[in-house]
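The values are calculated or read from the model by the stated rules, or taken from the named source; none is laboratory data. Quick caveat, the model's predicted, so the values are computed rather than measured. Heads up, the Cβs are rebuilt from the backbone with ideal geometry, glycines too, and the neighbour counts pull from every protein chain shown. In case anyone asks, the SASA skips ligands and DNA or RNA and just uses the protein heavy atoms, side chains included. Shrake-Rupley method; radii C 1.70, N 1.55, O 1.52, S 1.80 Å.
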Amino acid sequence: MSDDIRTQIGLRPVINVSGTMTSLGASIVVPEAIAAMAAILPQFVEINDLQRKASAIISRLTGGEAGFVTASCSSGISLAVAGAITGNNLLAIEKLPDTVPDRNEVLVQMGHVVSYGAPVDQAIRLAGGKVVLIGQATSTHRYHMEHAITEKTAAAVYVVSHHVVDYGLLNLVEFVEIAHVKGVPVIVDAASEYDLKLFLSQGADIVLYSGHKFLGGPTSGIVAGKKELVRSAFLQNMGIGRGMKVGKESVFGVMAALEAWEKRDHAGIRERETGYLNLWKRTLDGRPGVTALIEPDPTNNPLDRMRVIISAPEAHITAWDLAAALGRGNPPIIVRDHEVEHHYFYLDPCNLHPGQETIVAARLTEELDKARASNEIIATPIEERSRHRFDGALRWPD
Ligand SMILES: *Cc1c(COP(=O)(O)O)cnc(C)c1O
């Protein structure tokens, strides 16, 4: 019998060159976090004391005054917004989200209203927040924000992501400056960011991270920042936070992942990933209709990805058909295809087990050779792809 747990239970042994995706199980959890979770699972703990220990570690790593662990970064957005709306009023906390204090407006730049698998604005609405969009998709000016702040404004949310519009918007320093003049707290969604200190140092009042992305912790979210706001967010565990709870294993697992992050050989990992990228570049360079470019991360995380640009007339296949073929094959290779309608996808080297890079190279070669050998160009109309995008989800579980 295979020693891969996935094949034992009838799952496809996917290789992830897509990124830290919830749909693929996020990231490879670091051994320190796995050991911590196994150690604490059989024990009883006083959970708020465990969260107090987590607070100390989160403070040390982020520079925030306090912190806690929740179910996800998305939960962190909801809890932080709820905290900004209710403060420490326990009755208001119980009454969310349908009875909401008057001060419940939450400003967001229109170019930041993205989907990370669910809409950012929904995480705010779940907490009783009324989303006030400022600016237009590709422009926010100071006056948009200055005039949007009223006595009803509870918070302003700023999203850091490769998904957001990356020009024409207010940067975090300006956003904070404008909010703070009127006493409005700033909540930063930094789910996928490596830098644990930057956003608080730029003046954010609360910052949120995913525990299960680059940190390699269990599925979880980290809330960090000003003590009073963090406490108000934490108190939501007696309200809307209950449905977003984490157990002792996730709290302790994240604590271990954070400490492992401090000690991680970041340069060594970067070097290994660069090796993978160079291998793929050697594999792809010179192939008809294929251009392979190594590009830095768009939000300045210390990592590179490979952009694979496909010209269908020469490669005999479109970028999206190639991505689909890689995903259907054996083993399935899941590429980063958010922008595939522009005729490229990315290969992300951050979530590979050593040795998988050569399998990725071999599968790319196999599919490209097959396409080249075909007499017709494999070109599903892009509209077909978008028409059938949710077929699988809508048929689930059968
Ligand atoms: C991944 C992501 C989230 C969601 O994080 P979870 O921890 O999975 O809830 C939120 N915002 C951004 C920008 C993300 O990249």
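Anything in the stretch 129-181 that is within 25 Å of residue 19 (Cβ to Cβ), of a type in the set (Phe, Trp, Tyr) and within 16 Å of the ligand (Cβ to nearest atom)? List them, or say none.
Within the stretch 129-181, just 158 meets the criteria.
What do you reckon, is residue 189 without any contact (Cβ under 8 Å) to a residue 60 or more places away in the chain and within 26 Å of residue 261 (Cα to Cα)?
no
Which condition does residue 82 not pass, out of (1) within 16 Å of the ligand (Cβ to nearest atom); (2) part of a helix (DSSP H, G or I); (3) farther than 16 Å from residue 186 by Cα, if it passes all the others?
So residue 82 meets the others, but not (3).
Mind listing whichever residues of the stretch 361-380 are in a loop (DSSP other than H, G, I, E, B) and open to solvent by less than 70 Å² (accessible area, probe 1.4 Å)?
First pass over the stretch 361-380, keeping only residues in a loop (DSSP other than H, G, I, E, B): 374-377, 379-380.
374, 379, 380, listed by residue number.
Could you list, in sequence order, all residues of the stretch 63-72 that are open to solvent by 10 Å² or more (accessible area, probe 1.4 Å) and within 16 Å of the ligand (Cβ to nearest atom)?
Within the stretch 63-72, 71, 72 qualify.
Select from the stretch 85-104 the residues that are charged (D, E, K, R) and part of a helix (DSSP H, G or I) and write down the one among them that is least open to solvent (accessible area, probe 1.4 Å).
Applying the first criterion (charged (D, E, K, R)) to the stretch 85-104 yields 94-95, 98, 102-103.
Within this subset, residues satisfying the condition of being part of a helix (DSSP H, G or I) are 94-95.
Numbers: 94: 133, 95: 97 Å².
Step by step, filter the stretch 85-104, then rank; the result is 95.
Tell me whether the stretch 48-65 contains one or more residues that are assigned by TED's automatic domain parsing to the domain that holds residue 155, touching a strand residue (DSSP E or B) at 6+ places or on another chain (Cβ under 6 Å) and not in a helix (DSSP H, G or I).
Yes - at least one qualifying residue is present in the stretch 48-65.
Quick one: residue 345 ticks every box in (1) aromatic (Phe, Trp, Tyr); (2) open to solvent by less than 30 Å² (accessible area, probe 1.4 Å); (3) at pLDDT below 95 except a single one, so which number is it?
Among (1) aromatic (Phe, Trp, Tyr); (2) open to solvent by less than 30 Å² (accessible area, probe 1.4 Å); (3) at pLDDT below 95, the lone unmet condition for residue 345 is (3).
Select from the stretch 320-329 the residues that are more than 24 Å from the chain's Cα centre (by Cα) and surrounded by 23 or more Cβ atoms within 10 Å (Cβ to Cβ) and list them in ascending order.
Residue satisfying the conditions is 322 alone.
Being without any contact (Cβ under 8 Å) to a residue 60 or more places away in the chain and open to solvent by less than 50 Å² (accessible area, probe 1.4 Å) is the filter here; which residues of the stretch 222-261 pass it?
247
Do we have residue 363 as within 14 Å of residue 14 (Cα to Cα), over 22 Å from the mean Cα position of the chain (by Cα) and charged (D, E, K, R) here?
Details: within 14 Å of residue 14 (Cα to Cα): yes; over 22 Å from the mean Cα position of the chain (by Cα): yes; charged (D, E, K, R): yes.
Taking the combined requirement at face value, the residue satisfies it.
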